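Below is one structure, written out as structure tokens, with a few remarks after it.
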Amino acid sequence: MCGIAGIVRFDQPGSECLPALRDMVRSLRHRGPDDQQVRAFSFAALGNTRLAFVDRLRGAQPMTDGTGRWSLTWNGELYNHEELRAELADRWQFRTQSDSEVVLAACALLGADALPRLNGMFALFLWDDLRQVGFAARDRLGVKPFAWRQVGAEFAFASEARALLRSRPRAEFGAVLEYLVAPFFSGVEHAMFVGIEYLAPGQLLRVDRAGVRVETWWDWTPVEEAEAGSEALAAQVQRAVRRTLQGESPCAVFLSGGLDSTLLAALAKPETPPAFTIAFEGQHAFDYAVSRIVRDDDTPHAAAAARELGLAHEIVPVRRATLAADLRRLATINDALPAWEQELAQHHLARAVSATHRAVLVGDAADETHYGYPFLLDPEVVRTPGNILSRFGSPELAAGVTASFDAKYREVAESAGWRWDTPVAQLCATTYLIVKRWLPRLLHNGDVHTMAFSVEARVPLADIELVETARRAPPARALGKQLLREAARGLMPEGARLRAKSALPKDQATAAVYQQEARIALEESADFLGAWLALAPLRELASTTAVLTENERSLLFRVIALHHWRCAFNVGQP
């Protein structure tokens, strides 16, 4: 697990890029405290900041082959590296036991054809010093990030957009608007800064003297009617967890007591991973009947699962007294802007795990690829993308500002062949949108919050075997994660297997702090916020007399985050 960075310029030697590259790598040190390296080539310079798990002594990056032609910097874990190593051994002289060299060999020998063979999470850049061309790629679901920009003759990339900021940045108007109106779909297509792009999940990028070209190497294509068996899925889940437990450091697990995290904890039990569960102040007394996505208190369910599995269990308490400071930290850590209040839980969980562990298993990707979200059961909600947005509320925009995201998200699904014209097609179209937008945002948040504390989040349910099986599952059979629940029978505690979906907890008692912080934001960043939002309604919500709904609390959270993000990165008007 690493932070990656690089610069390509065809108008000067790569060595002249090293001062700027060193600054980029320094800004990513939290992603890899074990080692930081930069190397120059003909017209490129590559950097890496390493969190080492496999072949710690010889797996340093950037890594160059014995001929000096091919060089790689990459971020991720390759779970089938031993099988690929054996396959490529007659064509490549391996010098290390690292998965990094397997990625280097596969991409050098096979080019883009290597990508479907890589079972793991990755963002990579390969430089061919002989042909003077670069090749970048990102994994299927977007577990690992890849930001890039091109200004004049310079192409640059990094694991986080912050590393690409050379001068005072400006806010990307459309990206911030999407964040305010549809936060769970935002920060995927464009970065929040003008001029910076994200390589999308399943995309590859080529850079040479002719310029930059982006292609799709993999796409999620749900099948309306197909066969998928729970027995095969059960075997695949077990293999996926075993794969992700490899490496030279033990894993912890984030445990909610629900299906996904408990299944991972149960299958990882031979390694006895300690379990960590979030607990907000007063969480046991929250009114879950008024929450759209958090259905009940995780802590008793997680405690019961940990007891049954014989796992050490740590409750991670979150005190409201730290909330104002936490909000500032979130906006500094997440340069794509904090999208969900649940990022507070991710932040505190990652910090707690980092005291004892360098890797943690997370249950992300199950709901998105196995039809797990409860709103999918409501035919009216999935009838149009606009109905999904309406379910989570929308702010009143500034005069003259309009947002037509319903049409935009329809086009995302329709470009893949889903027309929203039958109930089954609507389910598939909605799931396609969730996999292409919601899931990458969720994975981005998980990555930046764990890596902020030098912890690797491993996502077994993003295993390529599992993803392919989920893609072929008929919606009628898979809805509500039915197929996954069947596959989990006998592998985990029955209470957790049957527990209804409940999202990662968030604090229901934040209104007073949010209102106080929002008043400060509306005073100090009025001109900035006013580019997108009508300020008068926000001031009413921020008043001490206003009683906030869940959606209104979420809106104030985003307003506060936008203010702190502007301050943290000195962001100029759009």
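The values are calculated or read from the model by the stated rules, or taken from the named source; none is laboratory data. Small disclaimer: the values here were computed from a predicted structure and weren't measured. Cβ coordinates were reconstructed from backbone atoms using ideal geometry, including for glycine residues, and neighbour counts include every protein chain displayed. Ligands, DNA and RNA are stripped out before the accessible areas are found, and what is left, the full protein with its side chains, is counted by its heavy atoms. Shrake-Rupley method; radii C 1.70, N 1.55, O 1.52, S 1.80 Å.
Brief remarks follow.
- Here LEU110 meets each of (1) at pLDDT 95 or above; (2) open to solvent by less than 10 Å² (accessible area, probe 1.4 Å); (3) of a type outside the set (D, E, K, R) with one exception, condition (2).
- Filtering the stretch 146-155 to residues that are part of a loop (DSSP other than H, G, I, E, B) and open to solvent by 10 Å² or more (accessible area, probe 1.4 Å) leaves GLY152, ALA153.
- Looking only at the stretch 11-33, residues that are assigned to a loop (DSSP other than H, G, I, E, B) and buried (at least 16 other Cβ atoms within 10 Å of the Cβ) come to 2 in all.
- Residues of the stretch 148-177 classified as under 15 Å from LEU204 (Cβ atoms) and touching an Asp or Glu at 6+ places or on another chain (Cβ under 8 Å), total: 1
- The stretch 299-321 residues that are assigned to a helix (DSSP H, G or I) and of a type in the set (Ser, Thr, Tyr), paired with ones that are at pLDDT below 95 and buried (at least 16 other Cβ atoms within 10 Å of the Cβ) (beta carbon under 7 Å, 6 or more apart): THR299/GLN283
To keep it simple, each residue is scored yes or no on (1) at positive phi; (2) crowded, with 24+ Cβ neighbours inside 10 Å; (3) out of contact with any His (no Cβ under 9 Å at 6 or more places or on another chain); (4) not in a loop (DSSP other than H, G, I, E, B).
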{"position": "PHE157", "(1), (2), (3), (4)": "no, yes, yes, yes"}
{"position": "ARG162", "(1), (2), (3), (4)": "no, no, yes, yes"}
{"position": "ARG166", "(1), (2), (3), (4)": "no, no, yes, no"}
{"position": "GLY174", "(1), (2), (3), (4)": "no, no, no, yes"}
{"position": "LEU177", "(1), (2), (3), (4)": "no, no, yes, yes"}
{"position": "PHE184", "(1), (2), (3), (4)": "no, no, yes, yes"}
{"position": "GLY187", "(1), (2), (3), (4)": "yes, yes, no, no"}
{"position": "GLY195", "(1), (2), (3), (4)": "yes, no, yes, no"}
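- Every condition in (1) polar (S, T, N, Q); (2) in a strand (DSSP E or B); (3) in contact with a Gly (Cβ under 7 Å, 6 or more places away or on another chain) holds for GLN36 except the one numbered (3).
- For first residues located in the stretch 1-29 and more than 29 Å from VAL455 (Cα to Cα) and in contact (Cβ under 8 Å) with a residue 60 or more places away in the chain, partners that are outside any loop (DSSP other than H, G, I, E, B) and open to solvent by 10 Å² or more (accessible area, probe 1.4 Å) and lie 6+ apart or on another chain with Cβ distances below 6 Å form the pairs ARG9/GLU154.
- Within the stretch 282-315, the residues that satisfy the criterion of being open to solvent by less than 70 Å² (accessible area, probe 1.4 Å) and either closer than 19 Å to THR549 by Cα or of a type in the set (D, E, K, R) (or both) are GLY282, GLN283, PHE286, TYR288, SER291, ILE293, VAL294, ASP296, ASP297, ASP298.
- Number of residues in the stretch 220-263 that are modelled with pLDDT under 95 and not in a helix (DSSP H, G or I): the value is 17.
- If you go through the stretch 377-404 and pick out every residue that is in a loop (DSSP other than H, G, I, E, B), on the phi < 0 side of the Ramachandran plot and not hydrophobic (A, V, I, L, M, F, W, C), you end up with 9.
- Residue in the stretch 76-90 that is surrounded by 21 or more Cβ atoms within 10 Å (Cβ to Cβ), in contact with a His (Cβ under 7 Å, 6 or more places away or on another chain) and farther than 19 Å from TRP218 by Cα present: no
- Here ALA531 fulfils each of the conditions (1) in a loop (DSSP other than H, G, I, E, B); (2) surrounded by 22 or more Cβ atoms within 10 Å (Cβ to Cβ); (3) modelled with pLDDT of 95 or more apart from (2).
This table checks each residue for (1) part of a helix (DSSP H, G or I); (2) at positive phi; (3) open to solvent by 20 Å² or more (accessible area, probe 1.4 Å); (4) of a type in the set (Asp, Glu).
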site	(1), (2), (3), (4)
GLU468	yes, no, yes, yes
ALA512	yes, no, yes, no
ALA521	yes, no, no, no
LEU538	yes, no, no, no
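- When ALA352, ALA345, ALA325, ALA339 are checked against the criterion of being without any contact (Cβ under 8 Å) to a residue 40 or more places away in the chain and among the hydrophobic types (A, V, I, L, M, F, W, C), ALA325 stands alone in meeting it.
- Of all residues making up the stretch 481-501, the number that are in contact with a His (Cβ under 9 Å, 6 or more places away or on another chain), open to solvent by 20 Å² or more (accessible area, probe 1.4 Å) and among the small types (Gly, Ala, Ser): 1
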